[in-house]
Structure formats: structure tokens, C-alpha cells
There are 2 protein chains.
Amino acid sequence: MTYDDIIAARARLAGQAVVTPMLNVPQIDAIAGRRVLVKAECLQRTGSFKFRGAWNRISAMSDAERGRGVVASSSGNHAQGVALSCKILDVPATIVMPSDAPETKVDATRAYGADIVFYDRMTEDRYAISLGLAEERGAILVPPFDDPFVIAGQGTCGLEIAKQTRELGVDQGTMLTCCGGGGLSSGIALALERDAPELRVRPVEPVGFEDFGRSLAEGKRLSNDGAGVSVQDAILTPKPGKLTFSVGKRLFGPGLAVSDEDALRAMSLAWQWLKIVLEPGGATALAAALFQGEALDEGPVIVTASGGNVDPAMFARALGAV
Amino acid sequence: MTYDDIIAARARLAGQAVVTPMLNVPQIDAIAGRRVLVKAECLQRTGSFKFRGAWNRISAMSDAERGRGVVASSSGNHAQGVALSCKILDVPATIVMPSDAPETKVDATRAYGADIVFYDRMTEDRYAISLGLAEERGAILVPPFDDPFVIAGQGTCGLEIAKQTRELGVDQGTMLTCCGGGGLSSGIALALERDAPELRVRPVEPVGFEDFGRSLAEGKRLSNDGAGVSVQDAILTPKPGKLTFSVGKRLFGPGLAVSDEDALRAMSLAWQWLKIVLEPGGATALAAALFQGEALDEGPVIVTASGGNVDPAMFARALGAV
């Protein structure tokens, strides 16, 4: 899992993934009190960055592997990335989703032709269910983050960030990433290590789900207690991945945590000024840039606006939040 | 007003305007029953394409002209384009806006530092008010559409469209433009005439405001009766411009008209699948692509998603429309 793997991923993704724009508007800068560059991954295919990693993993499979089919578990963004990749490559897909996943994510995943199996997020272990299904069906598990191909795929976002920030005259600053299991964060960090070493990644998580931040502080992988609830559904993970944490330990700065209220406010401000649609867990990094400036080093901030798959009712709630 | 003016405009706009992305998602294609490429001008600075023309006009002024200041009339998008250009170039700006302009547009225009003068859209003539103010203040009028610099500035959007469609393998098809006075439509048509001659521009207007479509059909400039109402505020103009109509007469195909209901439905679908924020008058062309396919030639359609400046209440209304 090196920089070269990310370069290889970029070649696989060429012509498939969108090179998403880097947005910057004065109104957001004014609220944050600094320059804020927004990597609009909500404009990626399937509405989140997850298509990158899924495509990189599945398109790298042999014909024999593809014939076996794929199993993945996801609250909805990885699900769509896997489902669309499988649809394009004609690979059978089974997706394990929590029964409380946003309707829009379930509908989109189904529309890409995937077979969906629901589980109860409070009482069942999605990893065990996925493993069981993979075994039963002879299929290949595509992990949501802790996989070299998946991390390298997400890392292509980092290659774009390095190029785009340079073009905008930014070569030093803080790179805030919406962080669940750490696939995007570690992929970006590996890309920036080579291409923009003065941009330091800091992972941003929902309050109550700061497993990555606490793990970084303690130097070892720690789990959340599982009691928390949050509307930032895309990035609610129990524990950092082994691979992602090994990258994070070496390359990440300290973590940050964002309340649901602030995530919703960031969604509303992204709607108003950036004209992009974000889901709560896709606005987490932007929220930290907007509302936690005192915790950041001076200088510009780059944020991932990682996803935009959200139900209308939640979006309307966000619009009422500012 | 030629292709070369658009090339000159592109040079002025370099580093100032955003090269906005061309979006394409399978769900929108499926609804339209054809390929739909969406030029996301809502991601332009100030949230609409209008920054292009305003910047091209104002940045081309001499120091003496800039010192006199600028007057413009607009329901809010041209207003913001002019106000931001003036702010950057340190030119005093007076903007004449209808008293029923969306609050978000008024607030943003004021935030760019412009002086705002309101008028009653039903009883007063904005052109006369603007002329009077320009005379009184010794300022220069920047027309919203019927001006060679403004048209050439909007035409830079057409240069990008020609390049982006070519990269996506599309060199033949219908180019649907959200059309008020015709600045964007005619600018794009002039650019495509040279760079993508097999893409034919067809202007799309709100039902009840089809002055351009009727004028094209009759071969002469006709006015609306002024009795209509529409939420597509960005493109409610009384009559085609002289310059824009002379271009349109030569280069446009027949016009189309979109109901408010369909514009709101298109906003909602753009929110859901494209993850962009559109205002009603910025979704007009997309609505025609989605819901009036029978009126279009076969083949791909390109649409301008021209603006995204909309009040939360209107947006929430759109989200409930599908």
C-alpha cells in the first residue's frame, strides 16, 4: 500500500471516476476566518468518493474472481460504489445494509441492481453477516475501508487535491477529512505525503464516534462504546482499520469531533454558498473548518465534502438549522 | 461580437471564473431516456454564470471609466456578478432590483458591497430607473444581456461546453439553455458555431414568458404581455435583446417553454442525483430535457444549470415536488 498503488488506481479510474472540482467561495472563507478549499466529492459518481475505492478493487479482479460475485457491507455510500462498479463490470453484488440506512441510499443501491440484505445495527455484527454471506455464496468480500485496493482508490482523491491546491496557490495547510474507518483519510494522506507534504491530514469524526481520534491520542486502536447515536451515518464506524490506522499513526495530526448540529449547519451553508448537496457525514470536515477554527493551525484549510446522499426530510431539517 | 471576442473574454476571465464541471449521471439519463450532460454553472462564482459577463465588461473598463462607477438592474444573479466584479476591481456599484427579488439574492448582493435600489416590477420600468440613476451618478450602465462584452463573457461558458462535450464523446446533439434576455444563449451559440457546430442551441423559457420562442417563430422581436407570474425569477424578461435576437435568429432552433411545476421537479432531481443546488430559473433547461423529450431531436442533450441562488422555503417546496 504505497504511493505507486495510488498511481495504479488512478489509471484504473481514468474515464470512470469524475475529477471532482475544488470549490472556494468568499462567504465560506469569511465564516471560517481563513481560506477554505472544498473538494466536492459529492459530485463523484454515486454521490460520494466511495466509487473510487470500490471500482479500484473490483476492476482489478480476474474474470474468475468476478464470476464469484461480491459481498459488501455499508450504510449506503460504499454500497452504491460497489453496486455501480459491479453493474458496469457485470459482477453479482450482495450488499449488507443497516435497516435504518437512509431510504435514498437503499433505493439507489437497489437501482444499481444489487441484492440487499438488511441487519439491525444495534444487535447484529455486520462484519460477521458479510463474512457468512461471502462464504455461503462463494463471493469475495469488498471491505469498506481496510483493504489496500480500497485505500489506494480513495487515495486518487488525494492526488487531485495535491494538484488542485497547488493550482490555487496553496501548498501548506490543514487537510480535514470526514473520517469513518479511515479509508479516505489514509488514502489521501499517502498521496499528499509525496505530492503535497506540507498539507497535514487531520481526521474529523462525529461526537461520540471519535474512535480514530482517541486511537491516535493513545497510540493504539480503540473502539467506540457503541452507545452513541448520530445523523452522520456515513462515518459511524466502531474502530479504526488495521491498515488505515497504521497509515494514520504515521501521518495524521490529532483528530477533531463535530456535533450533529454543526454538521447540519455546515450542510446548510454548503447549500447556500457552495451550491452543493451534502449529507450530514459528508459535511463533517467542513463543519470543523467553519466552527472549530481555534483548534486549527493558522493557514488555509482543505476539506473533503465526501458525500451527498441524504433523504429530503433530513435535508429540509438542515436548511432550517441556520 | 464574434468568436474572437469570446476568446478575448476567456483571457480576461482566466483565474477569476471557475471552469465549471459537466455532470452526467445514469439516473438523470434514465428519466430523460437519453444522455443528459449538465453544465453546472451554479458552481460558478456568485452561484450563476452571470459573473462571466459582468467581469468581462467591468474588467475591460479603463481606470477613468471604473472611477465613474457602475449601475445595473437585475433580479439578483446579474446583480451579484456585477457586485462581486466591482468589489474585486474596486468600482462603486449601484444595483436596481425588484422589491420581490429572492432574499438570498438581495443579501448576497448587499454583502458584496453594492448599493441597492428597489423598484416595483409590476408598475415601474427597471430600464428607465437604471438609466436615470446612471445619468444622475455619472455612472456606466452594465446591461444584463444586450451588450457585446456581456454576451462574449457568457460565451466563455460555450467554449467550455464544446471542450467538455468533445471529451465525453458527444459532438452532435441539442444544447438547451435557460433563456431570459438571451445573453447566455447567444454567447454559447456563438462559441459552438465555431467549436461544436453540430450542437444546436434551443432556448428554454418559463411558460408565459416565451418572448424569445415566439420571436424566433415570427422572425421579429415580440414582447410578453406582462401579465404572467412565475417562480423562475432569473429568466423573466419582457423581450429579447436586439443583439441577442440577431444571434438567435441566425443560430437558434425553436424555443421551448417549461412550467413552474416542472422546473421545481427538475430542481428536486438535480438535488437528488446531481448533488447540485439549482434555483427554479436555473433548472428550466434541465426540466425540458427531462420532461419534454418528445419535442427534441434524437441524441444527447446538453443543458445549462445556470444558477443556484434560491431561498430555503422555495427549495424545500421543490424537494416536496417529486
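Readers should treat all values here as calculations from the given coordinates under stated rules, not as data from a laboratory. Quantities reported herein were computed from a predicted structural model and do not represent experimental measurements. Heads up, the Cβs are rebuilt from the backbone with ideal geometry, glycines too, and the neighbour counts pull from every protein chain shown.
Can you pull the semi-axes for the protein assembly as shown, root of five times each eigenvalue of the Cα gyration tensor, sorted largest first, whole Å?
Ellipsoid half-lengths, sorted descending, are 44, 26, 21 Å.
Along the Cα-to-C-beta direction of B:Glu218, a point sits 7 Å from the Cα; which residues of segment B:243-282 have their amide N less than 11 Å from that point?
No residues fall inside that zone.
When the chain is fully extended, how far beyond the present Cα-Cα distance does B:Ser99 get from B:Asp225, taking 0.36 nm per residue of separation?
Details: separation 126, 0.36 × 126 = 45.36 nm, distance 2.03 nm.
That pair, B:Ser99 and B:Asp225, stretches by 43.3 nm at full extension.
Can you compute the helix-only [θ] at 222 nm over the protein assembly as shown? Use -39500 (n - 2.57) per DSSP H run of at least 4 residues, normalise by all residues, nearest 500 deg cm²/dmol.
After summing the helix terms and dividing by residue count, I get -13500 deg cm²/dmol.
When Lys and Arg each count +1 and Asp and Glu each count -1, what net charge do the other residues less than 13 Å away from A:Ala318, Cβ to Cβ, add up to?
Taking every Cβ under 13 Å from that of A:Ala318, the sum is -3.
As I understand it, the value is the acute angle between the Cα axis of helix A:260-269 and the longest principal axis of the Cα atoms of chain A; what does it come to in degrees, rounded to 10?
That works out to roughly 70 degrees.
Where does each of A:Ser230, B:Ser215, B:Ser48, B:Ser246 land when they are ranked from fewest to most other beta-carbon atoms within 10 angstrom?
B:Ser246, A:Ser230, B:Ser215, B:Ser48
Between copies, how close do the B:Ser99 label points come, placed 7 Å along Cα→Cβ, listed in nm from shortest?
5.7
If you rank A:Phe245, B:Phe51 by fewest surrounding Cβ atoms within 10 Å, what's the result?
A:Phe245, B:Phe51
Using 22 Å as the Cα-Cα cut-off, could you pick out the over-long pairs in A:Lys50/A:Lys87; B:Lys50/B:Lys242; B:Lys105/B:Lys242; A:Lys39/A:Lys163?
Among A:Lys50/A:Lys87; B:Lys50/B:Lys242; B:Lys105/B:Lys242; A:Lys39/A:Lys163, the Cα-Cα distance tops 22 Å for B:Lys105/B:Lys242.
How fast does segment A:51-141 diffuse by Stokes-Einstein, in µm²/s, taking the Kirkwood radius from C-alpha pairs at 25 °C and 0.890 mPa s?
For the chosen part, D equals 192 µm²/s.
With Cβ to Cβ distances under 12 Å as the rule, what net charge do the other residues near A:Leu13 carry (K, R +1; D, E -1)?
The answer is +4.
What FRET efficiency do you get for B:Lys163 and B:Glu294 if R0 is 51 Å and r is their Cβ-Cβ distance, rounded to the nearest 0.05?
Working: r = 30 Å, r/R0 = 0.59.
Result of the calculation: an efficiency of 0.95.
Going 7 Å from Cα along the Cα-Cβ axis for the label, what nanometre distances separate B:Ala316 from the same residue across the other copies?
So the distances to the same position in the other copies read 0.8 nm.
What are the semi-axes of the equivalent ellipsoid of segment A:177-292, taken as the square roots of 5 times the eigenvalues of the Cα gyration tensor, listed largest first and rounded to whole Å?
In descending order the semi-axes read 22, 18, 10 Å.
Would you mind computing, in nm to one decimal, how far apart the modelled labels at B:Lys249 and B:Arg110 are, each placed 7 Å from Cα along Cα→Cβ?
4.3 nm
Going by how many other beta carbons lie within 10 Å of each one, how would you line up B:Met22, B:Met175, fewest first?
Ordered by Cβ neighbours within 10 Å, fewest first: B:Met22, B:Met175.
Compute the separation of the alpha-carbon centres of segment B:276-312 and segment B:82-98 and state it in Å as a whole number.
The two parts, judged by their Cα centres, are 28 Å apart.
Between copies, how close do the A:Lys163 label points come, placed 7 Å along Cα→Cβ, listed in nm from shortest?
1.3
Any chance you could check the Cα centroid distance between segment A:188-251 and segment A:1-59 for me, in angstrom?
Each part's Cα centre sits 18 Å from the other's.
What is the distance, in nm, between label points placed 7 Å from the Cα along the Cα-to-Cβ direction at B:Asp171 and at B:Ala316?
Simple spin-label model gives 5.0 nm for this pair.
What nm value, rounded to one decimal, do you get for the distance between B:Ala14 and A:Ile129 when each label is placed 7 Å out toward the C-beta?
Between B:Ala14 and A:Ile129, the label points sit 5.5 nm apart.
Over the Cα atoms, compute the radius of gyration (one decimal) and Dmax (the largest Cα-Cα distance, rounded to a whole number) for chain B, in Å.
17.9, 55
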